[in-house]
Structures are given as structure tokens and as C-alpha cells.
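Each remark here refers to the structure printed beneath this line.
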Amino acid sequence: MNGFALGADQEEWCGRLRALSATRLRPLADKGEPGRVNRPLLAELGELGLLERVFDAGALELCLLRESLAYGCTEAETALALQGLGAHPVLGSGTAAQRERWLPQVRAGRAVAAFALSEPGAGSDAAALALAAEADGPRGESGSGAGSGRGAGRGWRLSGEKCWISNAPEADFYTVFARTGEAPGARGVTAFLVPADRPGLTGEPLDMLSPHPIGRLVFDGVPVGPDDLLGEPGRGFAVAMATLNLFRPSVGAFAVGMARAALDATLAYTARRPAFGGVLGDLQAVGHRVAEMATRTEAARLLVYAAAGAYDAGAPDVPRRSAMAKLLATETAQYVVDHAVQLHGAVALQRGHLLEHLYREVRAPRIYEGASEVQRTIIARELYR
């Protein structure tokens, strides 16, 4: 990338992705059931090699991938991103056995991953999570994997609840963050890889505004052992933050993709919609609003690319840049989609219209992976550091 301008190869790749999202992914998304995991769509993402890119790409390439897919098929973008979010802790902190067991299946779209951090009482304040990991006997007596592997020589039993977990309860495995109690707050959290078939693990889907697969998980003494650890006991919060710092700029890219789709739809509509002896675009009020939408979208896009570039360069200010990118891009997408609906009028409120779909999709990113208020807190903390 030259400054903030994409190179010709990058522009061509993004164009191919937008075309693929419309021709090969959109039809599969339309056949899926809202609020459920779309396994044929995941398999196609694997067949196209796009899931492979999630794990091999740098932050900038991940942003371009998510932005381009979001432009033409938000369901495909979300399915791809959730695979990355759920499995990146395995890539970064898992054992060789864990990686060999799960990552080829995730990359191929055959296994569904999930990132299980949020709880009913611990959403934005992730360090306040309460899912308990209670010690379960001496070495060798745990229900899974005890007696070998890393960390403590005994197992744990997970008891509690996770809520608003993407891909739950249909995922094949969960990256779960639980309190093992080595220290208070974030220092007493441990990350585990928990296959969905573990005894005591149940769940139910939640009916949400956006059509994503989201659910609740209940842990009733679910057995885990040292071989299920992701990283070291008491270091799970660092595992979570390493994943979120990578994905936060790309959440912004998802938002930019939606904003660009809404902007292009608005330009096309206002250029042809008859109004007051001309077309809507002839009205100064309309033209000025579209100009504002375009300017904000471009500013958000550039900030996302800058944050991704900083991550790829190993810059020390990645947390601040990532928070800024997610904050501006998600708030901008909400603004752009809302004004796009207003300029389209009643037609955009019809079920099945692109903007009706985007209006439901665009609200959630301002909350998940750290609400806008949390991003502002991170930015302020980093500025005063």
C-alpha cells in the first residue's frame, strides 16, 4: 500500500471479492435460515480459499477481505469473521495437537468455531466474567486430558453461563474464557478449547435484531483438563486481547463495507428517482447529505487502513489505533445507512430491500467486540498513558 492508496493488485483483488460475494456467496446466503449457522456458505468460503486467508493474512489484508465481502454479502462476511474470531486463539496459543485437530477443519469450512467471552453480567467489562473453573481433583482425575500437557497437573469443571455468543449453540468447538482465580480481575482468567460434545455443555439460540447466529451457553460442571488449555492458566485475558486487537480494525472494515454499499445504492437511487421536476440528486439538500455520507465513509476507510497498517508494522500504539478505527467506522456506518434509508423513503423499509437488511445489520457492530463507549475509554486511557 502506498500511503493510504491501495495498489492496483489490491484493488483488483477487492473487485474480484465483491463479484464473488454477489455471484457465488449471495445465493447461498439467501437459502440459509436467519439466525442459524449456514454450513453450505461456510463450505463455499473454504472452497474459495477465503477462510485460509483469514489465518494467513495480515491485518490490512483481513480488512480488505471483510470490507469487500460485506459490500456484497454481509452473511458471508460474518460467517468468515466468526471462524477467525473463534479459531485465532487456537492458532496463536493452542498446542500442536489442538491446531492439527481443529484448524484444517475450520479453514475448510467443515468445523464451526466460536469465541465465548461475554456473559449476562460481563459484556463490555470482560474482566468481570464469572464463569467458574473449579479445580477437579488431583493429577489424572479430570474428565478430559488431565495427567498430561501443560499448566496445572489437574483438571477443572466449568460452571456458569455465556451469553450473546456468535455461532452458539451450533459451533463444533468454543474458545471459552473462565475464572480460575490465580489473581483478581483479568489476571485470574484462563482460556480453554471446549469441544461442543463435552458433557454438561448445553445451549439455545437467541432471536436477535440482526440475522446472525447468536446463542446462550450453559456449563454444568463441564470437564476440561491441561490439554484443553489455550496458553497458560491465569493468562487467558491476554489470549482474548490478542485476538480482539487484530479483529477490531477489521470490524471497522466490515462497517465500511456496509457504508459503501449503502452509499452506492443511494447514489444510484437519487440519480434516477423523479422529484420536483428533476431527480432527487438535483436537490441541494440531497446532494449535500450524500456528500457528507461519502466524506465520512472515506475518513472511516482511511482510519481502518491506518490501524491495520500499524498492526502489521508492529507499532506500539495499536490498541489506540484499533479502538479509533472501530469507533469511527461503526458509528459512521450507522450514520450512512440511516441517511440512506431516509433518502430512499418507504421503499427502503420493505422487507428484503438491501437497506432494510443493512439497517438491521449495522446496529450490532457498535456493541460487539467492545461497545463504542469502551472504545472511547481505551482511546482516552492510551492518550493519557
Kirkwood Rh over Cα pairs of the stretch 58-122 into Stokes-Einstein at 20 °C, 1.002 mPa s: D in µm²/s?
165 µm²/s
Under 10 Å, Cα contacts only: if you run a Gaussian network model on the chain, which one of 211, 365, 316 comes out with the highest mean-square fluctuation?
316
Using alpha carbons only: equivalent-ellipsoid semi-axes of the stretch 180-297, gyration tensor based, whole Å:
50, 18, 10
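Given R₀ = 41 Å, FRET efficiency for residue 376-residue 207 by Cβ-Cβ distance, to 0.05? Display every interim value, and only then the final one.
On the way: r = 30 Å, r/R0 = 0.73.
So the FRET efficiency works out to roughly 0.85.
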In whole Hz, what ³J(HN,Hα) sequence does the stretch 29-42 give by Karplus (6.51, -1.76, 1.60; θ = phi - 60°), x for Gly and Pro?
5, 5, 7, x, 9, x, x, 10, 5, 9, 5, x, 5, 4
Distant-in-sequence amide H partners of residue 129 (H built 1.01 Å from N, under 5 Å):
none
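Could you compute how fast the stretch 239-384 diffuses translationally, taking Rh as the Kirkwood radius over C-alpha pairs and applying Stokes-Einstein at 20 °C with viscosity 1.002 mPa s? Give it in µm² per second.
On the way: Rh = 16.0 Å.
Translational D for this selection: 134 µm²/s.
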Full extension from residue 132 to residue 291: what is 0.36 nm times the residue separation minus their Cα-Cα distance, to one decimal in nm?
52.1 nm
Give me the Å³ per residue figure for the convex hull around the C-alpha atoms of the chain.
136 Å³
At q = 0.17, 0.18, 0.25, 0.26 Å⁻¹, the log10 of I(q)/I(0) for the stretch 194-255 from a Debye sum over equal Cα scatterers comes to -0.92, -0.99, -1.06, -1.06
Connecting every pair of Cα atoms under 10 Å apart in the chain and solving the GNM, the largest mean-square fluctuation among 272, 235, 187 falls on 272
Just want to confirm a number: the relative contact order over the chain, from Cα pairs under 8 angstrom separated by 6+ residues, in percent.
16 percent
For a label point 7 Å along the Cα-to-beta-carbon line of residue 347, residues of the stretch 236-266 with backbone N under 11 Å:
266
Taking H placed 1.01 Å from N in the peptide plane, check which residues at least 5 places from residue 221 or on another chain put their amide H under 5 Å from its amide H.
158, 159, 160
In this structure, the FRET efficiency calculated for residue 8 and residue 43 from their beta-carbon separation, with R0 = 30 Å, to the nearest 0.05, is 0.45
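What whole-number volume per residue, in cubic angstrom, does the convex hull of the C-alpha atoms of the stretch 9-86 give?
Details: hull volume 6.2 nm³, N = 78.
Dividing the Cα hull volume of the stretch 9-86 by its residue count gives 80 Å³.
The numbers here are math on the coordinates, done by the rules we state, and not lab data. From a predicted model like this one, the values you see are computed outputs, not experimental measurements. No Cβ is skipped: glycine too gets one built from the backbone with ideal geometry, and neighbour counts run over all protein chains shown.
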